[in-house]
Structure formats: C-alpha cells, structure tokens
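Engineer: This structure is in structure tokens; I'll ask about it shortly.
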Amino acid sequence: MPIITRLVQGKKNPNRVNLYLDDEFAFALSIDEVAKHGLKKGLDLSDDQIARLKDTDETDYVYAKLLNFLSYRPRTVKEVRDRLNKYEVRDETKQNTLIDKLISKGYLDDLAFARWFIESRNTHRPRSGRFLSAELKSKGISEEIIKSLAREVVDESVTIRHLLDKKLRTPHKLEINEKQKIIGYLARQGFAWDKIREVVKTWESE
C-alpha cells in the first residue's frame, strides 16, 4: 500500500496541507481533515482511503469556489445548485451535502435572499409586485416565502408615483405622446393599466 512520505503546509494557503505518497505529490487537504483522519508520515493508505480523501479534497475545493461565488451578493439555493452543475458536480447527494453545509453556516438562506432582493428592487429598480414575484420564482424562491413577504413590497401606487417623479420630475399635464410613452414604460414594469391610469391622472392634477 502507498505510504505517506511527506506532509507539507501550503505556501499560498497555510490552512492546506500537500500530501505526498511514496515521495510523489498525491493531493491536498485542509489541516482539519489531516487532523480528523490522523494522517502522518509513515502511515499506509489503502486505495479506498486514498479515493475517499481525494473526494474530500475535491469537495473542499468546490466549497471554496462556492464561498467565492457567494461573496459578491446573496444567492438562492437554486442559484448555488445551478453553479454546482456548472462546476460539473451533478451528483445530487454531493450537491445536497454542500448546500446543507452552506445553510448551516448561514451563508445560504432563501428567505434572507428574498428580503434583500425585494429591498434592492424597491430602492433601485421599482416594479410591480407581479413582476417581483415572477423574478423571485425564477430564482427558485418558494411560493410560501413569496407570500410571506408580500407586505414588504412597496404599495404599487407609491411605486408608480416614484417612477413618474423619477422620469418626469415635477407633476404637469402630459402631452398625448408623452403620456403614451410613460404609460407604456410603466406597463412594461408589470403594473396594471387601470392602476397606471389612476396614478397618472392624480399626478397630472397636482
């Protein structure tokens, strides 16, 4: 059986240990995994042990990539699962293990994502509740979570008014072409025609 001949701490990542079998580099593991498995110089490893340790190394590598993926902005479970498929980790059990670990560490939370997403949209890209719900669904957020956060969506009349102020500045009587253009824009954001006309009429009269 192959023998561990060297255990060398990583230069770029001191928390990783390069493991050599019969004087040849085999794979790397975290310091925690080395301690967990009692790995040391002179220890014999079976082919089965080597395969399992290599699998652990690959899992740790993917986990580190996921942490980097999550560092840019909040993500959903679906987004992480899609990313795992991109990393060619398609085994559902392995995916679930990694996802469960991220959830347990507080790095992945669909409810927290939905709250962040709604707040971000309300602040930077206001749109209708219908559009928001559709966007959240496309990102894998459950119907239950979407319904529980319905009251966190800004009232559509307020949102339309905000967009009118943003696009047209101060209230005034709109020319036909101007009115058609702004109504079309608001409709593309998912607002109902009757709600748009109601708010636009009020806005013009102020």
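Engineer: With semi-axes √(5λ) of the Cα gyration tensor in Å in mind, check (i) 57, 15, 12; (ii) 23, 20, 19; (iii) 32, 18, 14 and report the label derived from this structure.
Structural biologist: (i)
Engineer: Continuing with this model, one more query. Under 20 Å Cα to Cα from Lys181, which lysines show up? Leave out anything in the same chain fewer than 8 places away.
Structural biologist: Of all the lysines, those that pass the test against Lys181 - Cα under 20 Å, at least 8 places apart if same chain - are Lys166, Lys167, Lys173, Lys195, Lys201.
Engineer: Using the charge dipole of the chain (Lys, Arg: +1 at Cβ; Asp, Glu: -1 at Cβ; taken about the Cα centre), state which of Leu84, Leu132, Ile4 has its Cα farthest towards the positive end.
Structural biologist: Leu132
Engineer: About its Cα centre, what dipole magnitude does the stretch 123-167 give when the only charges are +1 on Lys and Arg Cβ and -1 on Asp and Glu Cβ, stated in debye to the nearest 20?
Structural biologist: With only Lys, Arg, Asp and Glu charged at Cβ, the dipole is about 200 debye.
Engineer: Charges only on Cβ, +1 for Lys and Arg, -1 for Asp and Glu: so what's the dipole of the stretch 1-95 about the Cα centre, in debye to the nearest 20?
Structural biologist: My answer is approximately 660 debye.
Engineer: Let me ask something else. To the nearest 0.05, how large is the calculated FRET efficiency for Ser71 and Arg115 if R₀ is 25 Å and r is the Cβ-Cβ distance?
Structural biologist: With R0 = 25 Å, the Cβ-Cβ based efficiency is 0.85.
Engineer: Placing +1 on the Cβ of each Lys and Arg and -1 on the Cβ of each Asp and Glu in the stretch 1-95, which of Leu45, Ala64, Ala28 has its Cα farthest towards the positive end of the resulting dipole?
Structural biologist: Ala64
Engineer: To make sure I understand, if each residue's beta carbon is the centre and we count other beta carbons within 10 Å, what order do Arg6, Arg161 fall in, fewest to most?
Structural biologist: Exposure proxy ranking, most exposed first: Arg6, Arg161.
Engineer: Still on this structure, I have one more. Once you sort the root eigenvalues of the Cα gyration tensor of the stretch 1-45 as a ≥ b ≥ c, which label holds: rounded (a/c under 1.5), prolate (a/b larger than b/c) or oblate (the other case)?
Structural biologist: It is oblate, given that a/c is not under 1.5 and a/b is not larger than b/c.
Engineer: For the stretch 181-205 and the stretch 96-165, write down the distance between their C-alpha centroids in whole Å.
Structural biologist: The stretch 181-205 and the stretch 96-165 have Cα centres spaced 23 Å from each other.
Engineer: Work out the FRET efficiency for Glu88 and Glu24 from their Cβ-Cβ distance, taking R0 = 22 Å, and round it to the nearest 0.05.
Structural biologist: So, using R0 = 22 Å, E works out to roughly 0.30.
Engineer: Can you give me the long-range amide H partners of Thr5? Hydrogens built in the peptide plane at 1.01 Å from N, cutoff under 5 Å, separation of 5 or more residues or another chain.
Structural biologist: Tyr20, Leu21, Asp22, Asp23, Gly42
Engineer: In what sequence do Thr123, Thr76 fall when counting other Cβ within 10 Å, fewest first?
Structural biologist: Exposure proxy ranking, most exposed first: Thr123, Thr76.
Only the coordinates and a few stated rules stand behind these numbers; no lab work does. All of these numbers come straight from a predicted model, not from anything done at the bench. Cβ sites come from the backbone with ideal geometry, for glycine too, and all protein chains shown count toward neighbours.
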